[in-house]
Amino acid sequence: MADKKAQLIIEGAAPVELPILTGTVGPDVIDVRSLTSTGRFTFDPGFMSTASCESKITYIDGDQGILLHRGYPIEQLAEQSDYLETCYLLLNGELPNAEEKAKFVSTIKNHTMVHEQLKTFFNGFRRDAHPMAIMCGVVGALSAFYHDSLDINNPHHREVSAMRLISKMPTIAAMTYKYSMGQPMMYPRNDLDYAENFLHMMFNTPCEIKPISPVLAKAMDKIFILHADHEQNASTSTVRLAGSSGANPFACIAAGIAALWGPAHGGANEAVLNMLDEIGSVENIDKFIAKAKDKNDPFKLMGFGHRVYKNRDPRATVMKQTCDEVLSELGIHNDPQLQLAMRLEEIALTDPYFKERNLYPNVDFYSGIILKAIGIPTSMFTVIFALARTVGWISHWKEMLSGPYKIGRPRQLYTGYPKRDLNK
Ligand code: CMC
């Protein structure tokens with residue numbers, strides 16, 4: 001894996017030889033671990049040039065617009081697989097056979113309820129609390145309920161925690177919504193599949209149980225697949241960093257939820273809809289495009305650009321297709337917000353500012369429009385991202401713990417005062 005070498009020439013010091021590591025696909029990586037022995041560190045704020053770990057789970061080629069989970073293209077998984085099968089793949093490295101899948105689905109269904117006392121946590125929140133604030137608190141609180149699976153050095157405990165998290169996230173997410181609505185929380189129904197059950201807990205009430213539309217359930221399932229994992233993004237890296245200190249899995253996932261909340265990451269799907277509302281109509285687009293280009297204006301075109309993709313986000317392509325399917329199922333034609341979004345996309349794709357900077361629509365650009373059409377309120381969008389991404393977070397956490405790892409401890413370039421004296 002390391003037969004090539006790089007040489008680092010430091011003025012006034014002996015050259016340092018650094019191994020070059022080669023992955024199965026993707027760019028080579030210069031291994032700088034031995035640099036500490038020279039008393040120097042690398043400086044890379046925002047991890048623009050730094051691989052923080054080795055991983056076998058997800059591969060992204062940002063220039064080509066390729067996303068592979070365990071080698072399988074996201075487009076194939078979205079079309080031919082389902083969310084729980086994708087979860088199995090991410091967690092275990094291979095797709096399940098029929099027997100393995102049945103066992104996995106049954107285990108997930110076995111854990112869908114939450115401890116009855118967990119409900120009391122919700123009462124401490126204001127009804128108008130942001131659902132992501134509730135998610136951070138309630139998911140973190142799971143560690144106070146499931147003491148029997150907190151030994152991170154025990155592979156069986158890690159497995160049980162993984163299953164609990166994947167099973168309970170839809171239940172907690174839907175409880176968050178019901179709490180904000182002042183409606184009774186719905187128990188999960190294990191006769192339904194994962195996405196159907198989520199929609200049931202979101203939209204049904206004890207006095208009215210309506211059947212779930214298969215088209216909408218399929219669209220929801222696809223949204224879950226498209227958000228399942230995305231290698232070492234901010235929230236996944238947060239989960240790994242928290243996990244590297246030995247923190248329990250529920251606490252680590254709560255940390256991931258917090259990192260996801262920001263509008264530059266998972267909060268972008270909510271921000272897209274808020275932005276479309278703010279733009280209001282096609283006539284105002286030019287004004288907002290000008291704002292997005294103005295260096296003195298913090299406004300950014302939400303749903304555009306990506307740290308890794310410098311080409312189309314492959315998830316956005318599938319999402320756009322799903323968006324068309326959902327709107328047609330719901331009989332929504334000429335939706336003004338969708339028209340606004342399409343015009344915005346058209347302008348951004350031809351405008352030199354966006355072209356030069358490779359700013360293409362990302363996954364969040366269309367997901368908000370679909371979620372809104374399904375009837376999900378804007379404030380719940382990032383919660384749904386968190387629900388779907390839990391499997392990615394937990395797969396990375398498990399991968400890290402099952403191999404040798406060290407506590408994550410970045411260094412810094414100190415630019416503050418040197419030592420000074422209080423008495424002078
Ligand atoms: N609107 C206007 N200008 C932009 C945008 C945008 N959405 N995104 C990047 N730029 C400009 C940026 O100002 C910079 O210009 P210049 O070179 O003149 O200084 C250039 O493009 C490079 O951008 P950057 O900020 O250095 O890129 P980054 O890799 O640090 O940031 C990003 C990536 C996703 C945070 C950023 O593109 C952004 O804030 N986009 C909007 C938020 C968004 O949609 N986020 C969801 C990402 S996909 C879901 C997920 O994975 O979480």
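Going through (1) acidic (Asp, Glu); (2) touching a helix residue (DSSP H, G or I) at 6+ places or on another chain (Cβ under 6 Å); (3) surrounded by fewer than 15 Cβ atoms within 10 Å (Cβ to Cβ) one by one, residue 191 falls short only on (2).
If the condition is being near the ligand (Cβ under 8 Å from one of its atoms) and not in a helix (DSSP H, G or I), then the stretch 285-298 contributes only 295. Tallying residues that are part of a helix (DSSP H, G or I), within 24 Å of the chain's Cα centre (by Cα) and either crowded, with 16+ Cβ neighbours inside 10 Å or of a type in the set (Asp, Glu) (or both) within the stretch 306-337 yields 12. Look at residue 163 and say whether it is open to solvent by 60 Å² or more (accessible area, probe 1.4 Å) and either under 25 Å from the mean Cα position of the chain (by Cα) or closer than 17 Å to residue 395 by Cβ (or both). So residue 163 does not fit the description; no. Can you spot a residue in the stretch 93-109 that is out of contact with any Ser or Thr (no Cβ under 6 Å at 6 or more places or on another chain), under 19 Å from residue 389 (Cβ atoms) and away from the ligand (no atom under 16 Å from the Cβ)? Yes, the stretch 93-109 has at least one match.
Take residues that are crowded, with 20+ Cβ neighbours inside 10 Å, on the phi < 0 side of the Ramachandran plot and within 9 Å of the ligand (Cβ to nearest atom) and tell me which of the helices (runs of 4 or more DSSP H) falling wholly in the stretch 228-284 contain 3 or more.
On the way: elements: 234-244, 249-260, 268-279.
The helices (runs of 4 or more DSSP H) meeting that bar are 268-279.
For the stretch 123-136, a residue qualifies if it is within 16 Å of residue 173 (Cβ to Cβ) and either among the charged types (D, E, K, R) or touching a residue at least 60 places away in the same chain (Cβ under 8 Å) (or both), and the qualifying residues are 130, 131, 132, 135, 136. If the condition is being in contact with a His (Cβ under 7 Å, 6 or more places away or on another chain), outside any helix (DSSP H, G or I) and charged (D, E, K, R), then the stretch 156-199 contributes only 189.
Residue 184 - would you say it is over 27 Å from residue 151 (Cβ atoms), surrounded by fewer than 22 Cβ atoms within 10 Å (Cβ to Cβ) and modelled with pLDDT under 95?
no
Here are some residues: 73, 27. Which one is in contact (Cβ under 8 Å) with a residue 60 or more places away in the chain and within 25 Å of residue 231 (Cβ to Cβ)? Matching residue, one of 73, 27: 73. Helices (runs of 4 or more DSSP H) fully within the stretch 27-144 that include at least 3 residues being of a type in the set (Gly, Ala, Ser), open to solvent by 40 Å² or more (accessible area, probe 1.4 Å) and at pLDDT below 95: none found. With respect to the stated conditions, residue 416 fails to be in contact with a Ser or Thr (Cβ under 6 Å, 6 or more places away or on another chain), away from the ligand (no atom under 15 Å from the Cβ) and in a loop (DSSP other than H, G, I, E, B). Flag not set for residue 295, criterion: free of Cβ contacts under 8 Å to residues at least 12 places away in the same chain and either open to solvent by less than 30 Å² (accessible area, probe 1.4 Å) or touching a helix residue (DSSP H, G or I) at 6+ places or on another chain (Cβ under 9 Å) (or both).
The values are calculated or read from the model by the stated rules, or taken from the named source; none is laboratory data. Just so it is clear, the model here is predicted, and its values are computed rather than measured. For neighbour counting, all protein chains shown are included, and Cβ atoms are generated from backbone atoms with ideal geometry for every residue, glycine included. For the accessible areas, the whole protein counts, side chains as well, though only heavy atoms, and no ligand, DNA or RNA atoms are used. Shrake-Rupley method; radii C 1.70, N 1.55, O 1.52, S 1.80 Å.
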